[in-house]
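Take a look at the structure set out below.
The values are calculated or read from the model by the stated rules, or taken from the named source; none is laboratory data. Everything numeric in this text was worked out from a predicted model, so none of it was measured. Positions of Cβ are backbone-derived with ideal geometry, glycine not excepted, and every protein chain shown enters the neighbour counts. The protein model used for the area step is the full one, side chains on, heavy atoms only, and it has no ligands, DNA or RNA in it. Shrake-Rupley method; radii C 1.70, N 1.55, O 1.52, S 1.80 Å.
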Amino acid sequence: MNIVVVGPGAIGSLWACALHQAGHQVSLWGTGNNAHWALQLDEAPCIEFAYNQVSALRDADVLLVTVKAWQVAAALHPIWAHIAPETLLLFMHNGMGALDDLAEHLSTFPVLLATTTHGALKTSAHTVKHTGMGQTQLGALNSLGAQCRFMADVLHHALPSAVWHPHIEHALWQKLAVNCAINPLTAIHHTPNGELAQPEFRHTLDAIIAEVVCVMQAEQIPVESAALKATVDRVIHATAANRSSMHQDIVHQRRTEIDFITGYVVRKAQHHGIAVPANQALYQHIQSIEQSWTQS
Ligand code: KPL
């Protein structure tokens, strides 16, 4: 297949290399000015990708969009005109709500959403490490997307495991809940994920999760409080040495995904008239850190 990866950060680069190794014609689209971009995945030979080629966009069977949630609209704005209507759009990012303002654009394309637990780290502009095996779940955002279940096989063949989820919003909410619990706390306290297993975080973690569960129930997403707590604890242990993406963003003074993680829950809670004080406090705390950079 002709595949363009929009936003070759860590996860985008991992998929670009894996899909190339699986035999697809992959090219990259990003913010640089180069016509080619080399990437090396782990110890595999370096791959030379075509970069920012409009012809690749026009010929794309699949656009894999891996920019951060807050970058999606700006990344797609200059390229809409070049994408053929039958091109499958596959979005893979942390958080929810990034596509809400794009509904009109998206309605004419087959659209899929994906969430992955693979770990990837960009160790330089041209090297990416696959730091943890994971699972990718994908599913349809619209009825055109529902006809594209074959993409689960395409992804699975390139980077197992990948599975089709008939209600992808359920999987996205599960991941959102994990990110609500881990990301802001690790960013505020400057700790690796594993520190959250310490008893002093138990009360706050439980409060965050209980609030997210209430909002999920109001959104009619199937959820079980004890199971979600166990999932969060499992992720904390499995990624104990990692710094969460939000922690890394705060350290490097980059805009975080808070508006699409905790902010999304807070907005949904307001809509349903549910109080979410623990999440609200974390949301405001991260926002105030971000604002302090522009003020100084
Ligand atoms: O998705 C993550 C992130 O850092 O954004 C977790 C699961 C918390 C792993 O670090």
request  = Identify, from the list ILE209, ILE188, the residue that is crowded, with 17+ Cβ neighbours inside 10 Å and either hydrophobic (A, V, I, L, M, F, W, C) or modelled with pLDDT of 95 or more (or both).
outcome  = ILE209
ask   = List pairs: first in the stretch 144-160 and modelled with pLDDT of 95 or more, second hydroxyl-bearing (Ser, Thr, Tyr), Cβ under 6 Å, 6+ apart or cross-chain?
value = LEU155/THR136
message = When the residues of the stretch 131-152 are narrowed to those that are part of a helix (DSSP H, G or I) and among the small types (Gly, Ala, Ser), which ends up surrounded by the fewest Cβ atoms within 10 Å (Cβ to Cβ)?
response = ALA146
key: Subset of the stretch 243-253 (residues that are part of a helix (DSSP H, G or I) and exposed (fewer than 15 other Cβ atoms within 10 Å of the Cβ))   = VAL251
ask   = Can VAL235 be described as more than 14 Å from the ligand (Cβ to nearest atom), out of contact with any strand residue (DSSP E or B) (no Cβ under 9 Å at 6 or more places or on another chain) and among the β-branched types (Val, Ile, Thr)?
value = no
task = Just need a number here: residues in the stretch 212-226 that are in a loop (DSSP other than H, G, I, E, B) and surrounded by 14 or more Cβ atoms within 10 Å (Cβ to Cβ).
result = 3
Which listed residue, of VAL62, VAL72, is touching a Ser or Thr at 6+ places or on another chain (Cβ under 8 Å), open to solvent by less than 10 Å² (accessible area, probe 1.4 Å) and closer than 20 Å to HIS93 by Cα = VAL62
request  = Give the residues of the stretch 107-130 that are over 23 Å from MET96 (Cα atoms), surrounded by fewer than 21 Cβ atoms within 10 Å (Cβ to Cβ) and in contact (Cβ under 8 Å) with a residue 24 or more places away in the chain, sorted by residue number.
outcome  = LYS122, HIS126, THR127, LYS129, HIS130
message = Any residue in the stretch 220-234 that is farther than 12 Å from ILE182 by Cβ sitting within a Cβ distance under 6 Å of a residue that is part of a helix (DSSP H, G or I)? List the pairs, counting only those 6 or more apart or interchain.
response = ILE221/HIS170; ILE221/TRP173; VAL223/VAL213; VAL223/MET216; SER225/VAL213; LEU228/ALA177; LEU228/ILE209; LYS229/ILE209
inquiry  = Given the criteria part of a helix (DSSP H, G or I), more than 13 Å from the ligand (Cβ to nearest atom) and of a type outside the set (A, V, I, L, M, F, W, C), does GLU195 qualify?
reply    = no
request  = Name the residue, out of LEU64, LEU57, that is assigned to a strand (DSSP E or B) and under 18 Å from LEU19 (Cβ atoms).
outcome  = LEU64
key: Looking only at the stretch 254-274, and only at residues there that are without any contact (Cβ under 8 Å) to a residue 40 or more places away in the chain and part of a loop (DSSP other than H, G, I, E, B), the one that is nearest to the chain's Cα centre (by Cα)   = ARG254
inquiry  = Checking the conditions here, which among SER13, SER27 is assigned to a strand (DSSP E or B), outside the structural domain of LEU176 (by the TED database) and open to solvent by less than 20 Å² (accessible area, probe 1.4 Å)?
reply    = SER27
query = For the stretch 84-100, does any single residue satisfy the condition of being over 14 Å from the mean Cα position of the chain (by Cα) and farther than 19 Å from VAL4 by Cβ?
reply = yes
message = Among the residues of the stretch 167-181, are any within 16 Å of the ligand (Cβ to nearest atom), open to solvent by 20 Å² or more (accessible area, probe 1.4 Å) and under 15 Å from ALA240 (Cβ atoms)?
response = no
